[in-house]
Amino acid sequence: MTIATTLRLSLCGAAISAISTLGLMGCSNSSTDPVATDNSTASAEKPAKTLAITQIVEHPSLDDMRRGIIDELADNGYIEGKNLKINFQSAQGNTATAGQIAKQFAGDNPDAIVAISTPSAQSVVAATTTIPIVYTAVSDPLGAKLITADGKPFQDNLTGLSSQLPLEPQLDLLQRIKPSIKTIGYVYSPGEANSVSLRDNLKEALPARGLSLLDIPANRPTDIGMATRSLQGRADIIYTSFDNNVASAFEAMTQAANEIQMPIVASDEFSVQRGATAALGVNDYDFGRVTGKMVYRILSGETVNTIKPEVMNDLTLYVSPKHAKAQGVSLPADMLKNAVNVDTKTQTASK
């Protein structure tokens, strides 16, 4: 896996001489490290750009990715409100709205479009074949028809960052948290390609471990709580990963899980902060920063079809002993030693 390194802009130290009648301005040779130049100076050297950003819904995980993108661009001289105009729009969980936003962006013709989440990426790809697109927060770009089997984008104007989490470590975690499990409960959105793909992968992988899957479709965020309660007496543990409907109504899922005493295992830190027992996944903000590096390259003039799609799978284990207790389990001591404890925000190791 190759992740683009941060592009550094070298600037000379700004040393303005006394303004003469000729109105000349000079740049001196400074011993100051050029990389330490502040963002306002860096932004003055770059032409103004426009960036359109869309995501299927606003929830902490996707929002943190967006913040990482914007921070990465600012650190490299593209600062919102100075030389960067950002048009952000959320589809509020509605795929039809995502399509409308994509068409609007295509008509606006920005310098680049960032699509956060699978449904948003699919909508934007359908709307334009010319404007550079960077997808992110996509767990199965192949299943979403964003890349081909050999890893190449379906369109020349497309690249992006995905997190194809390996399934086996997730299943190991489920069985460590509750060794007696027989059935995994999976509440998912049938309209999200990444969620359907994960369901299919689970059904294929679980029999080898003597486990089965109980999958419950939930078409709207308002269905999440009821779908979770329907697992009572039928499943032993709940697994969820990168489902935007679930994420937007996660408190409803955790409330139901607490009621039926069933632990939730997710794949991002914010889900643990919001009520899950544990999660094994990438850091959302870091994911945004890496995405921002790709966007920076495009805004700096690189042709999008020379920027290869990438995968980021640096996994961290997040746990909440407090939420585990509320959901009827206690976490093993060795697990706590190798995790970020969101209750105390301490970390002894990560993996």
- Task: Calculate how steeply helix 193-205 sits against the longest principal axis of the alpha-carbon atoms of the chain, using the helix alpha-carbon long axis, and give the answer as 0 to 90 degrees to the nearest 10.
- Result: 40 degrees
- Picking from 318, 210, 119, whose Cα lies most toward the positive end of the charge dipole for the chain (charges on Cβ: Lys, Arg +1; Asp, Glu -1)? 210
- Query: Ordered by packing density, taken as the mean number of other Cβ atoms within 10 Å over each peptide's residues, highest first, how do 188-196, 77-85, 276-284 rank?
  - Reply: 276-284, 188-196, 77-85
- Query: Mind checking the dipole of region 235-351: about its Cα centre, +1 per Lys or Arg Cβ, -1 per Asp or Glu Cβ, Debye to the nearest 20?
  - Reply: 300 debye
- Report the one residue of 165, 275, 59 whose Cα lies farthest in the direction of the positive end of the charge dipole of the chain (charges on C-beta: Lys and Arg +1, Asp and Glu -1; origin at the Cα centre). 275
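Only four residue types carry charge here, +1 at the Cβ of Lys and Arg and -1 at the Cβ of Asp and Glu. Report the dipole size of region 146-242 about the Cα centre in Debye, rounded to the nearest 20.
Dipole size: approximately 440 debye.
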- Query: What is the antiparallel percent of DSSP beta bridges lying wholly in the chain, to the nearest 5?
  - Reply: 15 percent
- Query: Given region 206-256 reduced to its alpha-carbon atoms as identical point scatterers, what log10 I(q)/I(0) does the Debye formula return at q = 0.14, 0.25, 0.28 Å⁻¹?
  - Reply: -0.36, -0.98, -1.15
- Excluding residues fewer than 8 positions from residue 345 in its own chain, the lysines with Cα under 28 Å of it are 178, 293, 322, 325, 337
- Quick calc, the chain, dipole around Cα centre from Cβ unit charges on Lys, Arg (+) and Asp, Glu (-), nearest 20 debye, gives 360 debye
- Query: Based on the Kirkwood radius over alpha-carbon pairs, what is the Stokes-Einstein translational diffusion coefficient of region 52-126 at 25 °C with 0.890 mPa s viscosity, in µm²/s?
  - Reply: 196 µm²/s
- Can you list the HN-Hα couplings for region 277-282, worked out from phi with the Karplus curve (6.51, -1.76, 1.60; θ = phi - 60°), rounded to whole Hz and with x for Gly and Pro? 6, 7, 7, 10, x, 7
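Label the chain by shape, choosing from rounded, prolate and oblate, from the square roots a ≥ b ≥ c of the eigenvalues of the Cα gyration tensor; if a/c is under 1.5 it is rounded, and otherwise prolate applies when a/b is larger than b/c, oblate when it is not.
Since a/c reaches 1.5 and a/b is larger than b/c, the shape of the chain is classed as prolate.
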- Please give the peptides 160-173, 252-265 ranked by average Cβ packing (other Cβ atoms within 10 Å per residue), highest first, as a rough proxy for protection. 252-265, 160-173
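Can you tell me the order of 297-305, 225-233 when each peptide is scored by its average per-residue count of other Cβ atoms within 10 angstrom, highest first? Could you put the intermediate results ahead of the total?
Numbers: 297-305: 16.3, 225-233: 17.9.
The peptides rank, most packed first, as 225-233, 297-305.
Relative contact order for region 268-351: what is it in percent, counting Cα pairs under 8 Å that are at least 6 residues apart?
33 percent
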- Task: Would you mind classifying region 171-291 by shape? Square roots of the alpha carbon gyration tensor eigenvalues, ordered a ≥ b ≥ c; an a/c under 1.5 is rounded, otherwise it is prolate if a/b is larger than b/c and oblate if not.
- Result: rounded
- Message: Based on alpha-carbon centroids, what's the gap between region 82-146 and region 320-342 in Å, whole number please?
- Response: 37 Å
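Every number in this text was worked out from the coordinates using simple rules, so none of it is lab data. These numbers come from a predicted model, not from an experiment. A quick note on method: Cβ atoms are made from the backbone with ideal geometry, for glycine too, and the neighbour counts reach across all protein chains shown.
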